[in-house]
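Below you'll find the structure, written out as structure tokens, and then a few comments.
The values are calculated or read from the model by the stated rules, or taken from the named source; none is laboratory data. All figures in this text were calculated on a predicted structure; none of them were measured in a lab. Positions of Cβ are generated from backbone atoms using ideal geometry, with glycine treated the same way; all protein chains shown enter the neighbour counts.
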Amino acid sequence: MKNVAWVVSNCNAVSKRYTYIKKMDKTIDVDVFGGCGKKCSSPWNDDSCFNDLSKVYKFYLAFENSLCDDYVTEQAYWFYQDGFDLILVNRGAPNARNILPKGTYITTLDFSSPKELALYLKHVGRDKRLYTSYLKAKDQFFSSSYSQQEMLRTLHCSVCEKLNTGYKRSIKLNLTHWILKEMLHSHRYLTISYAMMKLKLSR
């Protein structure tokens, strides 16, 4: 089996994930698919693409566009569905530990550098018992399957419901402060222009 796969469409995310992965690639082979790499056997946002990768690769990288407190990419949940027999490697929300089941995935938060993470993945990949323990732990949990179309339909229905049932809520929120000060985190591989983001939010 091959080592690590990553499917991505945004090659210039503010989280600098591509920089992180390039550093990993010096120690362990990382194959990139989607808009930033090789073509998948089907559209990158199609479940069958991930199904195909899970038959060939040991690990899958679910790295966020931005590093926020509670945001976990939808890709992370896909790997708790039936048929995805590979280990999830997550880089994103510091609070992901409160969301994803312990022992079912690997997080970059536990490693001081991309190289250290890559070395650990090589170790896990060579140790059949350790590798299998992650898969067995993951199999204790299940995430319902849904397509991107189903997700959008659910969101639209939720908005319609709120608009038509007299739902009212009044919250005074400083959106700029919430996003720039509370949600986004600085990181040695994350560079954010405060002035630029503030300008975009104020428009």
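Brief remarks follow.
- G103 touching a Leu at 6+ places or on another chain (Cβ under 8 Å), more than 20 Å from K55 (Cβ to Cβ) and in the same structural domain as V8 (by TED's automatic domain parsing): no
- The single residue among L61, L53 that is under 19 Å from H123 (Cβ atoms) and not in a loop (DSSP other than H, G, I, E, B) turns out to be L61.
- Subset of the stretch 98-125 [surrounded by 14 or more Cβ atoms within 10 Å (Cβ to Cβ) and basic (K, R)]: K115, K122
- Qualifying residue in the stretch 64-87 (condition: closer than 20 Å to Q140 by Cα, aliphatic (A, V, I, L, M) and part of a strand (DSSP E or B)): yes
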